[in-house]
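Structure first, commentary second.
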Amino acid sequence: MDSEVTRVQIEDIARLKDRKHLTYLLDGWEDKIRRSLYGSMVAEVNQHPVVLSLEDMTGHRGSADKLLEVSVKALERMEIGDGHNIIAATTDNPTVMQSFRRKFQAKFYWVIVSSSSMLWNC
């Protein structure tokens, strides 16, 4: 199984190198055994999205700093850590995500941030 994961990661890294207008998406949820899970991905118009990571954040709930840390780690793992090809980021809108978006935009100052609730209220 590890070789399959590695193969897919290498393919995704190659696919991301040419993309210039990515949107970073981050969402969290609780599974049936009450673990706090957060998934991140990038998407671009007319392209398949790429899953960057799925992190077990049990014990770190409510920490925008930890969300930023795992987001940066996921970007680095996929060799897009400098964020130069990310133009937007979106999350849902609880308080921790509002704080995360501020921290993400402070680190990647050119990125437009929004909450998904803004998209649905149009």
Say we look at the stretch 1-35 and pick out the residues that are of a type in the set (Ser, Thr, Tyr) and at pLDDT 90 or above; which of these is farthest from residue 77 (Cα to Cα)?
-> 23
Reported set for the stretch 1-60 where residues are of a type in the set (D, E, K, R) and at positive phi is 34
Qualifying residues in the stretch 5-59 (those that are part of a helix (DSSP H, G or I), open to solvent by less than 50 Å² (accessible area, probe 1.4 Å) and of a type outside the set (Asp, Glu)) - the one farthest from residue 101 (Cα to Cα) | 13
Result of the Cβ filter at 6 Å on the stretch 79-95, keeping first residues that are among the small types (Gly, Ala, Ser) and partners that are buried (at least 16 other Cβ atoms within 10 Å of the Cβ), at least 6 apart or interchain, is 81/75; 83/108; 88/23; 89/24; 89/104; 89/111; 89/113
Checked the stretch 60-73 for anything open to solvent by less than 90 Å² (accessible area, probe 1.4 Å) and within 20 Å of residue 108 (Cβ to Cβ); matches are 63, 64, 66, 67, 68, 70, 71, 72
Is there a residue in the stretch 74-82 that is buried (at least 19 other Cβ atoms within 10 Å of the Cβ) and not in a helix (DSSP H, G or I)?
-> yes
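The values are calculated or read from the model by the stated rules, or taken from the named source; none is laboratory data. Predicted model only: the values in this text are computed from it and were never measured. In this analysis, Cβ positions are derived from the backbone assuming ideal geometry, glycine residues included, and neighbour counts consider all displayed protein chains. Side chains are part of the model used for accessible areas, which takes the heavy atoms of the whole protein and leaves out ligands, DNA and RNA. Shrake-Rupley method; radii C 1.70, N 1.55, O 1.52, S 1.80 Å.
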